[in-house]
Amino acid sequence: MRKIRRPPGCAALVIVTLVIAVIALGSAAFLYRDGGPLAEGEVEIGAAAPPGQALALPSFDKDEVLPAREWPSACRLVTQDDVLAILPEAEEIASGTVSVTGVSPAEFAADPGSSDDATAFDGRCIYAMRLPGETYQSTRLWVEIQAIAHPDLIERYYTRFAPSVGTEQGAHGADACGLSALFDTVWVCRKGPVMFRVGGHTTVAFEGRYAPADFAWRDDISPLVVQTVSARIP
């Protein structure tokens, strides 16, 4: 059987060709995710609405805390009109509330009845909506009240239990904001007597951004939500 003689450098050419093919496949995998191309987004990002009606909160004595059962609904902090100002192309907007309980396991074990005072039945407000390109109401925007108390106590509580990483974007009307971890997507903020969190997610790509990406929501949408909430806290 006659041997096939390859010209010098042929083996190296084959290796280079294979490497280029692998890189091309990798690039294709990066550009296509979930079955579709990651094109630059076209969904519009609006702006925070003008300040709405401020919450009616009591004045606090030093270290005084407002029981969670007396908290206002978190949906008072962000309304449907606010959502439309931030995401003007949103459709089929629906909202609901979820209870928030601030009792630790140790406190509950000592006094199970204590959870009654420490439960805010409307402590988290969630908006579901459909943005262009979504078949269902796949986008969520939410705000959650974490504590209401004398501002000095809120500041100490925030420093002790809340974020360890700054947003590097300022506080957008709040007294302070941060993230619980380096790659966290939830903003934790305080303004006067209120400590709160904002977050959300979507499946779309926003104008000028490549997505879907939680970080696009964190960096472009959440600051507008924080600004909206902060404007309602006296």
- Query: With every protein chain left in place, what is the accessible area of LEU66 in Å² (1.4 Å probe, nearest 10)?
  - Reply: 20
- Query: Leaving out ligands, DNA and RNA, what percent of the accessible area of the range 59-232 is carbon and sulfur, probe 1.4 Å?
  - Reply: 50
- Using a 1.4 Å probe, how large is the accessible area of HIS201, given in Å² and rounded to the nearest 10? 80
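Just the accessible area per residue of the range 59-232, please: how many Å² with a 1.4 Å probe?
Working: 8260 Å² over 174 residues.
On a per-residue basis, 47 Å².
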- Query: After finding the eigenvalues of the alpha carbon gyration tensor for the range 59-232, what semi-axes result from the square roots of 5 times each, listed largest first in whole Å?
  - Reply: 29, 18, 15
- Where does each of PHE183, PHE215 land when they are ordered by accessible area, with a 1.4 Å probe and the largest first? PHE183, PHE215
- Put a dot 7 Å past each Cα toward the Cβ at GLU70 and GLU42; how far apart are the dots in nm? 5.3
- Ranking ARG124, ARG160 from most to least accessible area with a 1.4 Å probe gives ARG160, ARG124
- Item | HN-Hα J in Hz across the range 172-182 - Karplus 6.51, -1.76, 1.60, θ = phi - 60°, x for Gly and Pro | 6, x, 7, 6, 6, 9, x, 10, 6, 8, 4
- Hey, got the dipole for the range 59-232? About the Cα centre, +1 on K and R Cβ, -1 on D and E Cβ, debye to the nearest 20? 160
- Query: If ligands, DNA and RNA are left out, what is the accessible area of SER164 with a 1.4 Å probe, given in Å² to the nearest 10?
  - Reply: 100
- Task: Could you please state, rounded to a whole Å, how far the C-alpha centre of the range 61-82 is from the C-alpha centre of the range 147-205?
- Result: 15
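The values are calculated or read from the model by the stated rules, or taken from the named source; none is laboratory data. Computed from a predicted model, the values in this text were never measured in an experiment. Cβ: placed from backbone, ideal geometry, glycine included. Neighbour counts: every protein chain shown. Heads up: the accessible areas ignore ligands, DNA and RNA and are worked out on the full protein's heavy atoms, side chains in. Shrake-Rupley method; radii C 1.70, N 1.55, O 1.52, S 1.80 Å.
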